[in-house]
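As structure tokens, the structure follows; a few thoughts come after it.
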Amino acid sequence: MAEGSEKIEEVFADVDSSEKGLTEEQVRERLDKYGMNELKETKKTTTKDVFVRQFKNFIIWVLIAAAFLSLLVEEVINFWVIMVITFIVVMLGFFQEYRAEKAMESLQKIVQPETTVVREGKPRNIKTKEIVPGDILVLESGDKISGDAVVFESVALRVDESALTGESHPVGKGKSEKIFAGTQVVHGKCRAVVVNTGMDTKLGQIAGLIQVKSEDTPLQKKIANLSRSLAILALVASLFTLVLGLVEGAPLEEMLLIAIALAVGAVPEGLPLTMTLTLAFGMRQMAHHKAIIRKMLAVETLGSTDIICTDKTGTLTRNEMTVEKIFVNENIIEVTGSGYAPKGEFLKDEQQFDVKQDPTVERLLQAIALCNNSSLEKRGDEWDVVGDPTEIALTVAAAKADFWKDDLEDSQPRTEEVTFTSERKQMTTVHEREGSLISFTKGAPETVLDGCDRMEISGESVSLNDEKRKHIMDKNMEFASSAYRVLGIAYREDPDMSSEDAIEQNMVFLGLVAMIDPPREEVKEAVSTSHKAGIKVVMITGDNQETAKAIGASIGLFDHRAECGIPAHVNVADEEKVRRIMEDCAVTGQELDELDDEEFEVLADHINIYARTMPEQKLRIVKTLQKNGHIVAMTGDGVNDAPALKKADIGIAMGIKGTDVSKESSVMVLQDDNFATIVEAVKRGRAIYDNIEKFTTYLISRNFTEVILILLGITLLGFELIPLLALQILFINMFSEIMPSIGLGLDPPEKGVMDRAPRDPKESILNRRNLVMMVSNAVVMASAAFLVFISSNPAENTQLARTLTFATVVSMILFVPFAFRSLEKSIFSRGFFTNRVMLGGVVVSFLLTLSAMYIPFLSEVFELVPLSLQQWLLPLGVAFCTMLAIEGVKAVTRGVK
Ligand code: ATP
């Protein structure tokens with residue numbers, strides 16, 4: 001016996017189970033006894049890690065240095081206030097990051113994996129964590145194995161055990177062999193009985209070694225670098241001022257205070273914090289709209305995506321298939337009824353048709369019931385289905401004629417299965433019937449027809465000549481161009497069992513089954529939104545070219561005419577071939593193989609549909625599009641999609657029908673498998689990027705304001721009369737800037753976000769427009785505040801003049817952040833009450849600032865005096881004018897990038 005193999009009867013006895021699985025009662029008992037099938041939380045980022053991480057922030061060290069310098073010049077109050085504020089910055093950063101971390105964890109949990117098991121003799125989809133020892137796992141290619149189990153039935157099973165053994169080559173597994181939690185089925189299928197779950201599995205024993213790492217995104221890194229550079233700049237500027245002051249003979253103590261004020265003023269304390277918060281909140285919003293982000297990186301890349309390559313079945317269409325037509329005996333039979341309830345009639349020439357009258361129709365219906373792995377079961381008033389929708393449709397159609405798989409299998413038990421794969425495009429089961437074998441095959445009509453040399457008409461087997469083949473393929477075409485998904489059905493008595501290929505040869509053709517899978521309602525609008533947003537939508541499907549084109553046309557895929565069809569200048573060697581292939585923007589997998597890399601590069605931008613493709617071809621498509629400079633989002637669900645999902649800029653897996661492998665290879669998971677969700681995520685991604693631009697530009701311009709203000713003071717009024725003290729600046733930075741910028745970070749999407757082209761990924765946050773906006777705003781705000789300072793007679797009453805300057809800078813938050821809600825359009829484009837976080841933030845910040853003026857203890861510390869209502873008019877008026885000036889700057893810079 002091979003290592004790890006066990007006697008299957010003993011295994012069943014050990015876990016007190018059978019091929020029919022456990023009863024609900026047994027499951028309950030075992031859940032109590034063994035607990036959930038979960039790994040105990042392994043070593044992940046701890047609270048302490050998050051706390052310690054805060055001190056990696058250079059800004060914190062600048063602040064601490066400033067505090068100790070204050071101590072050096074015996075400014076004890078300064079020391080304490082800066083320390084308290086530093087502590088608040090650390091704690092805010094800590095809580096935000098901690099929350100972001102938790103949000104990320106809980107998002108991961110939304111994608112709760114499910115597994116098919118057999119319980120009480122029936123297949124059921126259950127949450128993976130509810131698996132108990134004794135459960136029967138039903139595994140297919142792409143499934144993750146979630147408990148240690150022993151195989152008792154397998155078809156061409158191959159398992160990737162690299163997660164446990166590091167061995168990347170998949171290993172074959174047969175009956176009685178053990179498979180392990182954490183590994184994946186990459187080929188074939190099997191049934192296996194679970195022997196261990198949770199921490200008792202082999203994976204559980206080494207769980208401590210497995211860790212998920214969360215990495216900062218390029219944008220987060222850029223922002224972190226930017227704040228570091230600004231902090232360094234602040235240090236240099238303040239050192240320079242310090243030296244200058246000392247050279248000019250100013251007292252050291254005073255100069256140190258000024259230097260501290262400058263450093264503190266220029267350091268953007270709120271920047272990394274707001275960034276984390278914006279991304280975390282954005283992810284939550286996307287999750288709310290059913291797009292689960294697995295890697296933060298996706299949030300920013302989404303904004304630059306200019307091509308979405310999407311599957312058809314289930315993503316563009318509903319994946320609720322219903323058989324409507326059967327082409328058999330060279331005639332069409334209509335099937336009525338919709339949904340999963342097996343209620344409907346068979347009509348021929350609009351007359352009711354008794355299917356049991358005709359042996360060929362009967363055989364075809366038996367074939368679609370038997371060559372099938374789905375199940376249909378009545379639970380109360382509802383029909384419960386498990387399996388692939390194509391197969392469910394067939395099961396339901398057969399049941400409408402009272403052919404039930406379980407009953408049929410009693411008399412014709414299945415002995416063999418040649419599994420369906422997207423590459424083979426067909427599936428066969430072999431059954432034993434009255435001592436001999438019979439096989440049933442279903443699949444893509446051309447593939448099935450290829451393996452047939454005869455056909456059956458009303459019970460009689462006739463030769464399948466060219467004319468008959470053509471007639472069948474014409475019908476296939478006719479169905480397909482009406483958007484039907486078509487399957488060919490065949491059978492063979494006494495199949496040649498010498499090889500899988502041989503089984504599917506010399507078959508007898510029975511007929512075609514046409515099923516409808518209507519497009520999702522919301523998809524047409526989503527496609528049109530994508531086109532308006534400069535995003536091309538490309539359909540990649542395993543289905544027939546005509547079906548794909550019909551669905552494509554109905555959802556407006558070709559409305560993007562400019563880029564579809566034969567390019568004006570085809571600079572390729574074989575122009576005739578290219579013209580043939582490119583006739584209608586739809587290219588088949590076979591045609592794609594005819595194109596060499598160079599030709600494909602020229603044409604890739606002009607193709608809207610890839611039909612009858614192999615999953616491997618997706619990788620070629622992504623690579624070529626990326627080579628052509630596109631940022632590509634690509635959906636996928638199967639194991640073989642994994643390389644393309646990894647390669648794409650945004651790999652998107654399907655939450656419902658996606659395999660575990662595809663989910664693990666992607667950065668985003670669609671909870672509802674819906675194309676429209678991708679478009680919504682792109683919209684949110686764009687909005688998040690916009691918001692990052694907004695708060696970065698705003699925050700930095702605010703920091704510059706303070707620096708410019710102080711430099712103006714020093715240069716024009718000398719060292720004694722600086723317009724704001726270090727503590728005042730720190731207070732403004734802390735309490736009046738962070739909240740409005742968080743408001744900007746969480747701003748709802750602007751109206752036209754999906755009416756403009758995708759962002760160039762190389763473009764920097766501080767592009768020309770934003771730089772101009774930032775610098776001019778800083779100059780406007782600083783000059784306005786300085787004017788207030790000098791007009792308030794600072795030489796006579798410095799404290800009052802500083803208070804008025806302080807009040808002016810603070811009042812600006814009542815107006816200026818609103819102007820930053822659009823860096824392009826006017827303040828009126830956004831409405832004044834559409835961002836409540838910002839409104840609330842502004843009010844709270846303003847009140848907090850007032851407290852520094854009106855609470856006696858605080859006003860003493862901050863060296864401020866309470867202002868009268870009348871005195872407030874000046875700061876408020878000036879702040880309002882600043883906002884107008886900023887609007888002016890925007891009007892001038894509009895359109896600059
Ligand atoms: P998409 O790639 O958009 O999801 P698809 O579901 O049609 O499209 P595949 O699942 O690769 O792609 O199927 C390819 C073809 O194989 C189908 O067009 C159909 O003819 C055939 N087919 C699909 N499912 C089965 C099945 N369960 N048994 C036999 N043949 C099938």
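The values are calculated or read from the model by the stated rules, or taken from the named source; none is laboratory data. Predicted model only: the values in this text are computed from it and were never measured. Methodologically, a virtual Cβ is constructed for each residue, glycine included, from the backbone with ideal geometry; neighbour enumeration extends over all protein chains shown. Just the protein is used for accessible areas: all its heavy atoms, side chains included, with ligands, DNA and RNA removed. Shrake-Rupley method; radii C 1.70, N 1.55, O 1.52, S 1.80 Å.
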Accessible surface of Lys7 - all protein chains present, 1.4 Å probe, nearest 10 Å²: 110 Å²
Leu766 versus Ser851: modelled label distance in nm, points set 7 Å from Cα along the beta carbon direction: 3.3 nm
Heavy atoms of Cys585 accessible to a 1.4 Å probe, total area in Å² rounded to 10: 0 Å²
Segment 322-516: relative contact order in percent, alpha carbon pairs under 8 Å with at least 6 residues between: 23 percent
Candidate residues Leu724, Leu711: accessible-area rank, largest first, probe 1.4 Å: Leu711, Leu724
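Once the other residues with Cβ under 12 Å from the Cβ of Ala398 are scored (Lys, Arg +1; Asp, Glu -1), what is the net sum? Kindly include the intermediate steps, with their values, before the conclusion.
On the way: positive: Arg363, Lys400, Lys405, Lys442; negative: Glu362, Glu391, Asp402, Asp406, Asp407.
Its environment carries a net charge of -1.
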Sorted peptide list for 28-34, 124-130, criterion being average Cβ within 10 angstrom, highest first: 124-130, 28-34
Helix-only mean residue ellipticity at 222 nm for the chain, each DSSP H run of n ≥ 4 adding -39500 (n - 2.57), per residue, nearest 500: -15000 deg cm²/dmol
Relative contact order, percent, the chain [alpha-carbon distance under 8 Å, six or more residues apart]: 12 percent
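Quick one: ranking Phe420, Phe79 by accessible area, 1.4 Å probe, largest first, what do you get?
The most accessible residue leads, giving Phe420, Phe79.
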Heavy atoms of Met321: accessible area, 1.4 Å probe, square angstrom to 10: 10 Å²
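Where does each of 591-599, 615-623 land if you order them by average Cβ count within 10 Å, highest first? Could you put the intermediate results ahead of the total?
On the way: 591-599: 15.9, 615-623: 20.8.
Sorting 591-599, 615-623 by mean packing, highest first, produces 615-623, 591-599.
Got a sec? What order do Lys102, Lys683 fall in by accessible area at 1.4 Å, biggest, i.e. largest, first?
Result, largest first: Lys102, Lys683.
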All lysines inside 20 Å of Lys627 as judged from Cα atoms, apart from same-chain residues fewer than 8 positions distant: Lys536, Lys618, Lys646, Lys647, Lys762
Straight-distance crosslink candidates among lysines, where the alpha carbon sits under 18 Å from Lys325 and sequence neighbours closer than 8 are dropped: Lys343, Lys348, Lys356, Lys400, Lys442, Lys475
Separation in nanometres of the label points that stand 7 Å from Cα toward Cβ, at Val236 and Asn793: 4.2 nm
Segment 133-187: translational diffusion in µm²/s, Stokes-Einstein, Kirkwood Rh over Cα pairs, 4 °C, 1.567 mPa s: 117 µm²/s
Flagged links, alpha-carbon separation over 21 Å, of Lys102/Lys295; Lys144/Lys683; Lys122/Lys173; Lys189/Lys405; Lys532/Lys890: Lys144/Lys683; Lys122/Lys173; Lys532/Lys890
Inter-part distance where segment 853-869 and segment 367-422 are each reduced to a Cα centre, Å: 80 Å
Surface per residue (accessible, 1.4 Å probe) for segment 322-516, Å²: 43 Å²
Descending principal axes extents, the chain, alpha-carbon based, whole Å: 114, 67, 52
